[in-house]
Amino acid sequence: PTMIAVTGLAFFALNIFAPTFVPVATALGTTPLMLAVLIGAAQNILSKSSKYALFDPCKEMAYIPLDQESKTKGKAAVDVIGNPLGKSGGSFIQQVLIFGVGSLAAATPYLAVILAGLIVVWFKAANSLGAQFNDAMAVVESE
C-alpha cells in the first residue's frame, strides 16, 4: 500500500493541481501533464514489481498457520472471487464516475479521494492481518 499511496498521491496531485506544478515542470523542461505520465508509468512499474516481490509472498505466508482444508478454501476464495471482484469493482466505480460527471478528467478528484480511502483501509487490513498471523504463529509454535 505504501508504493501505491506515494505514487498515487504524486500522480493525482500533478493532475488535480497542475497549475501549481508549472514552475517545477518548466524548470525540468516539460509540462505537468508529462510529469503525470512519467509518474503514472513509474507507478505501474513499481506497483507491479512490489506486488510480485513483496505482496504475493506475504499473501502466501498468511496461509502457513492454517490447516490444509482452510488453506485450499482460502486460496480458492481469494483467487476465484476476490481478485476478479476487486478488478471489476474498480472498473465499475470508474465507469459510474465517468458517466456521472461526464469525463475522466472531471472524475479525477473523486478517484483520488476513493484511492485515499482504499489506501487507509488497506493499511488497516494489512496491520490486522499481521497481528492475526503473529497470534496464529504463536499458537502453532507453542504446540
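Quick notes on this one:
- Whole-Hz Karplus values for segment 78-89 come out as 5, 6, 8, 10, x, 4, x, 5, x, 5, 5, x Hz, taken residue by residue from phi with 6.51 cos²θ - 1.76 cosθ + 1.60 and θ = phi - 60°; glycine and proline positions read x.
- Couplings 3J(HN,Hα) of segment 27-40, computed from phi: 4, 8, x, 8, 10, x, 5, 5, 4, 5, 4, 5, 5, x Hz, in residue order, whole Hz [Karplus 6.51 cos²θ - 1.76 cosθ + 1.60, θ = phi - 60°; x for Gly and Pro].
- 19 Å Cα-Cα reach of Lys73 towards lysines, excluding residues that sit fewer than 8 places from it in its own chain: Lys59
- Choice from Tyr63, Tyr110, Tyr52 showing the highest fluctuation, given a GNM over the chain with Cα pairs closer than 10 Å: Tyr52
- Couplings 3J(HN,Hα) for segment 104-110, derived from phi with the Karplus relation 6.51 cos²θ - 1.76 cosθ + 1.60 (θ = phi - 60°), are 5, 4, 6, 7, 4, x, 5 Hz, where x marks Gly and Pro.
Values in this text are rule-based calculations from the coordinates and carry no lab data. Note that this is a predicted model, so its numbers are computed, not measured.
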